[in-house]
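Laboratory data are not the source of any read-out in this text; all were calculated from the coordinates shown. These numbers were taken from a predicted model, which means no experiment stands behind them. Please note: Cβ atoms are built from the backbone with ideal geometry, for glycine as well, and neighbour counts cover all protein chains shown.
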Amino acid sequence: MIYIKYLNMHIKSLSQYRASLWMMIAGQFFISFFAFAGIYLLFERFGSIDGWTFGEVALCFAVVQTAFAITECFARGFDMFQRMIINGDFDRVLLRPRSTLSQVLGSDFELSRVGRLAQSIFTLWLAASWLETSWSVAKIITLIFMIFSGIFIFTGIFILGATVCFFTVQGLEIINIFTYGGREIAAYPLTIYSKWIMRFFTFIIPFACFNYMPLMFLVGKAGGNDALYMLTPLLGMLFILPCIFVWRFGVRRYLSTGN
Amino acid sequence: MKPYIALFRMRMIAGMQYRAAAWAGAATQFFWGLIFIMIYSAFYRSSAVEPPMRWNQLATYIWLQQMFLFIVMIWAQDNELLRHVTDGNVAYELCRPYDLFKIWCARLLAFRLSSSFLRFLPILIIAFLLPAQYKMSPPVSLGAAGLFLISLSLGLLIVTAVSMFIYILTIITLSPVGSRLIISVAADFLMGAVIPIPLMPASLQRVLDWFPFRYISDLPFRIYSGSIAGGDALFQMGVQVAWIIGLFMLGRLSFNKVMRRVVIQGG
């Protein structure tokens with residue numbers, strides 16, 4: 001598959017700058033590590049947040065961090081898409097007989113995020129052992145669904161952000177609110193926020209699907225609706241479909257900036 | 001001194017040109033502040049014990065952090081300057097009959113000030129107009145406001161001195177990404193940008209007192225809200241001055257050392 005070839009190329013080129021790469025991986029590890037330390041210290045001080053315990057929030061945090069780290073690794077090309085439009089490189093993409101999505105996806109790859117990923121998976125493991133709930137196969141599957149749901153939703157947002165570049169040439173900083181801001185928001189169960197934030201991130205951008213809804217099932221707060229809450233992550237994945245649709249529309253409307 | 005002041009003014013004017021970017025930045029930072037406030041407000045709602053910061057002090061701390069983000073954050077760096085090192089343009093700078101260390105200081109100061117000038121006012125106005133739950137409070141007294149401004153300026157000098165080390169490291173490693181990331185990640189936590197320092201356990205706070213980072217933002221913000229005042233505030237501002245002198249001297253020494261061995265590759 002063409003994407004694997006792209007990936008191989010990127011890893012080879014990155015490993016040419018080894019010292020810098022290791023520093024970046026370490027740096028990414030510590031960003032996530034300190035963010036988690038911050039949450040730990042806050043629970044040390046306050047005990048709980050709106051009825052959620054530290055273990056539950058830690059799980060929430062770990063899921064969103066894992067999903068975001070993986071998304072950033074692979075969907076970096078969409079994040080950096082404005083460069084492609086400004087340089088006129090997208091014209092070349094259009095000339096090739098492959099889908100635009102997979103080419104842009106393959107245009108960049110951020111290996112340094114494995115540092116963050118390592119920390120997230122470690123936290124995930126810690127949080128899973130802290131939770132006072134018995135782990136069953138259904139719960140483990142739900143957890144995996146949650147991570148994939150997160151990856152799909154964040155990739156969808158990155159695609160939307162890139163699509164904006166077709167019309168504005170420059171990327172809009174506002175999209176960061178939904179990517180990096182989204183990662184920050186979804187680190188806590190959405191129920192702690194104001195109603196309008198919770199509604200927005202349930203019905204417009206479905207963060208709730210990998211956040212508090214399946215979490216309620218995992219910690220046994222679902223109150224009989226187990227199957228429903230278990231399946232919410234799958235619903236969340238559908239978010240990527242309209243994003244791809246909008247991207248196709250954007251490609252059709254694209255006018256080159258020339259070069 | 002004259003050429004450096006002229007350069008500073010030039011970079012200030014240049015930095016103030018990016019108004020649209022500044023508006024977008026202010027909007028993003030405002031949103032960011034709002035999210036933090038909601039998280040802390042949920043923590044305060046569920047707290048069994050009295051937190052060490054009053055709610056309005058905490059809200060003010062967060063808004064000040066967002067308002068002066070470009071003054072206090074280590075990760076905010078002049079990318080053009082970092083590129084000068086990697087693409088070799090630093091060679092031209094070295095040919096000029098000026099002191100490169102001072103040139104960089106002037107540019108860094110101008111970058112931080114001009115970026116903040118454009119952003120802080122909209123956030124300030126909106127933060128004061130918010131409903132009581134999210135609102136920012138005025139400084140406790142006129143004296144506190146004065147001390148806050150002095151101490152924030154001293155903090156700006158500390159951040160500039162620390163930034164010089166990122167540039168010096170970039171000259172050695174030739175890639176700005178790694179050194180910048182490591183220094184700013186550590187600094188973020190140590191200066192109270194991840195969670196406000198007064199909310200940390202007392203033992204950790206005592207450790208942070210020994211690092212320069214707390215004196216960049218935590219001190220001025222707490223002087224503003226009155227949790228550090230009087231003789232204590234003056235003493236800690238003395239510590240700020242000591243750090244500025246120490247860091248700039250150390251920066252100068254390492255800069256001279258690195259510059260003696262600098263190799264320009266190709267052209």
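On the beta carbon distance between A:S136 and A:L238, with R0 = 35 Å, the FRET formula returns roughly 0.85.
Exposure proxy ranking for B:I126, B:I39, based on other Cβ atoms within 10 angstrom of each Cβ and starting from the fewest, stands as B:I126, B:I39.
At full extension, A:V93 and A:Y3 could sit 31.0 nm farther apart than now, given 0.36 nm per residue minus the alpha carbon distance. Modelled spin labels at B:A6 and B:L204, positioned 7 Å past Cα toward Cβ, are 5.0 nm from each other. Considering helices alone, the calculated mean residue ellipticity of chain A at 222 nm is -22500 deg cm²/dmol, with DSSP H runs of length four and up weighted by -39500 (n - 2.57) and normalised per residue.
For the listed peptides A:236-248, B:66-78, A:153-165, a ranking on the average number of other beta carbons within 10 Å per residue, highest first, reads A:153-165, B:66-78, A:236-248.
Listed values for the range A:186-195 are Karplus-derived 3J(HN,Hα) couplings in whole Hz (6.51 cos²θ - 1.76 cosθ + 1.60, θ = phi - 60°), namely 6, 5, 10, x, 4, 5, 7, 8, 4, 4, and x replaces Gly and Pro. By the beta-carbon count within 10 Å of each Cβ, the least crowded to most crowded order of A:K12, B:K135, A:K139, fewest first, is A:K12, B:K135, A:K139. Stretched out fully, how many nm does the piece from B:M16 to B:N256 gain, at 0.36 nm a residue minus the Cα gap? Going from the current span to full extension adds 83.2 nm.
Work out the mean other chain Cβ neighbour count within 10 Å for the residues of A:19-25 and drop it here as an integer.
Average neighbour count from other chains, rounded to a whole number: 5.
Rounded if a/c is under 1.5, else prolate if a/b beats b/c, else oblate: with a ≥ b ≥ c from the C-alpha gyration tensor eigenvalues square-rooted, which is the protein assembly as shown? Oblate.
Take each peptide in B:140-153, A:88-101, A:57-70, count the other Cβ atoms within 10 Å of every residue, and average; sorted highest first, the result is A:57-70, B:140-153, A:88-101.
Annotation: lysines with alpha-carbon distance below 16 angstrom to B:K2 (same-chain offsets under eight excluded): B:K102.
Taken one residue at a time, the phi angles of the range B:227-232 give Karplus couplings (6.51, -1.76, 1.60, θ = phi - 60°) of 7, 10, 8, x, x, 4 Hz. Gly and Pro are set to x. Overall, the anisotropy analysis places the range A:2-253 in the prolate class: the square-rooted eigenvalues a ≥ b ≥ c of its C-alpha gyration tensor yield a/c not less than 1.5, with a/b exceeding b/c.
Packing around the peptides B:191-202, A:117-128, taken as the average count of other Cβ atoms within 10 Å per residue, puts them in this order, highest first: B:191-202, A:117-128. Counting only alpha carbon atoms, the long axis of helix B:100-129 and the longest principal axis of chain B meet at about 20°. Across peptide B:175-182, the average count of Cβ atoms from other chains found within 10 Å of a residue's Cβ is 6.
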